[in-house]
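Encoded as structure tokens, the structure appears first; notes follow it.
Derivation of every value follows stated rules applied to the coordinates shown; laboratory data play no part. On a predicted model such as this, the values are computed, not experimentally measured, just so you know. Glycine gets a Cβ as well: all are built from the backbone with ideal geometry, and neighbour counts include every protein chain shown.
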């Protein structure tokens, strides 16, 4: 019971956890994980690559929506059925994972 209360307390103060839930809901975790390469790069690698770029969230949100190929190799990332707001939430979350 104490563990559940602690988890709920973390969720209440951690919007990053909510975005991890969105990533799971939108099937992003089928190809990505936070800290290791799956099909696509680890989210921490993405955050490191785009660190310091003022337009990183906008760039990533666009890639999430439209897909792409070539930045991380020749395996294409398909377009994802997310709203612009969801794409921005996901991109903001990824950039928080440094």
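Semi-axes of the stretch 15-95's equivalent ellipsoid from the Cα gyration tensor, sqrt of 5 times each eigenvalue, largest first, rounded to whole Å?
Result for the stretch 15-95: semi-axes of 16, 15, 14 Å.
Taking the highest mean first, how do the peptides 56-68, 25-37 order by number of other beta carbon atoms within 10 angstrom per residue?
Top of the packing list down: 56-68, 25-37.
Separation between the residue 80 and residue 59 pseudo-spin-labels, each 7 Å from Cα along Cα→Cβ, expressed in nm?
Inter-label distance under the simple model: 1.7 nm.
How much length, in nm to one decimal, is gained on full extension between residue 37 and residue 22, taken as 0.36 nm per residue of separation minus their Cα-Cα distance?
3.5 nm
Taking the simple approach of a point 7 Å from Cα along Cα-to-Cβ for both residue 92 and residue 71, what is their distance in nm?
So the two model labels end up 1.9 nm from each other.
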